[in-house]
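Note sheet for the following structure.
The values are calculated or read from the model by the stated rules, or taken from the named source; none is laboratory data. Fair warning: this is a prediction, and the values are worked out from it, not measured in the lab. Here the Cβ positions follow ideal geometry from the backbone for every residue, glycine too, while neighbour counts run over all protein chains shown.
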Amino acid sequence: MYSGLMRVLLIIIAGGILSFTNRDNREYDNYLSDTEWRISSHAFADENQETYYLSVKEDEEWAWGRFVNFSNSTFNGYYSAPFGNDCFVSTNGTYQFVEENTIFVNVKSITKNGFCSDTGTDSTGFKAYYSIQSNGSGYQLNKIKKP
């Protein structure tokens with residue numbers, strides 16, 4: 001009886017360890033991969049920005065504004081305007097789904113060119129987590145605190 005009870009306990013403990021390990025290594029559907037969006041603010045250019053709104057990039061006739069491209073694991077944010085008398089901000093870095101609707105963003109560089117109060121490249125970047133919520137015509141990204 002004692003060995004049967006020990007066997008059951010070992011199976012339960014091993015199953016718990018395996019399920020915990022699988023949860024950490026789980027891969028989530030990357031529904032942002034190979035997409036381009038119009039974005040409400042310069043993409044991940046401000047560490048203090050709490051919310052971003054992504055909307056469908058419409059036809060090329062109105063190609064001006066703030067945009068973000070997502071590839072398999074990288075992103076590139078940029079700003080375009082018809083004239084050169086603006087502050088052109090571009091960002092790039094990596095992202096990874098860590099939960100079904102949560103991404104971890106690692107901003108590698110933020111570059112400002114043109115008529116900006118502070119031009120150049122900030123290569124320090126920052127890291128942050130964002131929850132993703134569908135809003136019908138796009139997504140809302142909300143910064144969240146994670147350990």
Here the qualifying pairs (Cβ atoms under 8 Å; residues six or more apart or on different chains; first in segment 124-147 and over 22 Å from residue 55 (Cβ atoms); second of a type in the set (Gly, Ala, Ser)) come out as 125/93; 125/109
Taking segment 61-93 and the residues there that are surrounded by fewer than 17 Cβ atoms within 10 Å (Cβ to Cβ) and outside any loop (DSSP other than H, G, I, E, B), the one that is modelled with the lowest pLDDT would be 61
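Mind listing whichever residues of segment 115-126 are loosely packed, with under 14 Cβ neighbours inside 10 Å and either touching a His at 6+ places or on another chain (Cβ under 8 Å) or not in a loop (DSSP other than H, G, I, E, B) (or both)? Reasoning before the result, please.
Residues of segment 115-126 that are loosely packed, with under 14 Cβ neighbours inside 10 Å, as a first pass: 115-121, 123-124.
Selection gives 120, 121.
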